[in-house]
Amino acid sequence: MNRLRALLFDVDGTLADTEGQGHRVAFNRAFADAGLDWYWDEPLYRELLAVTGGKERMRHYIDRYRPDFTAPEGGLTAFLAELHQAKNRHYAELLAQGAVPLRPGVERLLRQAREAGVTLAIATTTSPENVTALLENTLGAESLGWFAEIGAGDVVPAKKPAPDIYFYVLERLGLEADQTLALEDSANGVRAAVAAGVPTLVTANDYTREDDFTGALEVVDQLGEPGSPARRLGDGGELGVLGLEEIERLWARR
Ligand code: XBP
Ligand code: MG
């Protein structure tokens, strides 16, 4: 029988709820440091999340809300790159302070997969240094070695919802899409994985609950932990604690 060979994890919103108390706060701190009067509150950030990638998100914000903004000498691209680095430094600081824990069930599933010899990989839009910071501050530095491949950020030209990062990771792993399963939290993530042919389980969150998850195998609110079962979005059906066995059963429906 064909077995599930690898789990491909998205990062932001899937491994951890990094957006609201992590990236958003870090963006605002970087804006303040730079003397900008930009402030991204929760409702605005929710809207801006439609654009993946921090640099791309800031560029979109300028186009939409600050059309009169003129970048300093050196140009907009260089300005945004610097601002983005400053934001990522703030982000790392927040993570070091423990501001963002892993989502329920994530560590359990990672450990289970490792024990079972199922390959772990990451396919994300966020910057590589942000993945490192999250893993180091939640699971410890050695956890970086748990992942056979960390596909992140600008390593591909087009970010999610483009499938590029999934194609990249599959090629590096030497696996076919249908030997793997993606874990995602957002419409953009599902579009990317599904376009690459990767069966996808969604663990939605407060930012993405209303997203369009067409093409996903299943959409739940979390992986679940004992006493706090995963529930299917929509009908609220209890699915228990999603471990490797349950996930392989879902995957077999692909
Ligand atoms: C989520 C994103 C990212 C983060 C910010 O990526 O869209 O842009 O908000 O990350 P994913 P950077 O869910 O694929 O992990 O600022 O590092 O781009
Ligand atoms: Mg995500």
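The values are calculated or read from the model by the stated rules, or taken from the named source; none is laboratory data. None of these values were measured; they are calculated from a predicted model. Cβ atoms come from the backbone with ideal geometry, glycine included; neighbour counts cover every protein chain shown.
General observations
- Where a residue in segment 174-190 is of a type in the set (Ser, Thr, Tyr) and its partner, wherever it lies, is part of a loop (DSSP other than H, G, I, E, B), with Cβ under 7 Å and at least six apart: 180/5; 180/198; 186/13; 186/208; 186/211
- Odd one out for residue 26, checked against (1) surrounded by fewer than 20 Cβ atoms within 10 Å (Cβ to Cβ); (2) more than 25 Å from residue 192 (Cα to Cα): (1)
- Looking only at segment 139-197, and only at residues there that are over 30 Å from residue 98 (Cα atoms) and among the polar types (S, T, N, Q), the one that is farthest from ligand 2 (Cβ to nearest atom): 179
- Within segment 41-62, considering residues that are away from ligand 1 (no atom under 12 Å from the Cβ) and within 17 Å of residue 84 (Cα to Cα), the one surrounded by the most Cβ atoms within 10 Å (Cβ to Cβ): 61
- Residue 46 vs. criteria in contact (Cβ under 8 Å) with a residue 60 or more places away in the chain, among the basic types (Lys, Arg) and within 16 Å of ligand 2 (Cβ to nearest atom): yes
- Residue in segment 217-254 that is nearest to residue 185 (Cα to Cα), counting only those that are outside any strand (DSSP E or B) and β-branched (Val, Ile, Thr): 247
- Selection status of residue 121, among the aliphatic types (A, V, I, L, M) and away from ligand 2 (no atom under 16 Å from the Cβ): no
- Residue satisfying all of: in segment 11-35; touching a residue at least 40 places away in the same chain (Cβ under 8 Å) and part of a loop (DSSP other than H, G, I, E, B); farthest from residue 96 (Cα to Cα) among these: 34
- The listed residue being of a type outside the set (Phe, Trp, Tyr), part of a helix (DSSP H, G or I) and away from ligand 2 (no atom under 16 Å from the Cβ), out of 71, 78: 78
- A single member of 224, 234, 240, 215 is surrounded by 20 or more Cβ atoms within 10 Å (Cβ to Cβ) and out of contact with any Lys or Arg (no Cβ under 6 Å at 6 or more places or on another chain), and it is 224.
- Subset of segment 9-40 (residues that are hydrophobic (A, V, I, L, M, F, W, C), away from ligand 1 (no atom under 11 Å from the Cβ) and within 18 Å of the chain's Cα centre (by Cα)): 25
- Residue within segment 77-88 that is under 16 Å from the mean Cα position of the chain (by Cα), within 18 Å of residue 25 (Cα to Cα) and within 16 Å of ligand 1 (Cβ to nearest atom) present: yes
- Unique match (being over 14 Å from residue 14 (Cα atoms), assigned to a loop (DSSP other than H, G, I, E, B), among the hydroxyl-bearing types (Ser, Thr, Tyr) and modelled with pLDDT of 95 or more) among 214, 208: 214
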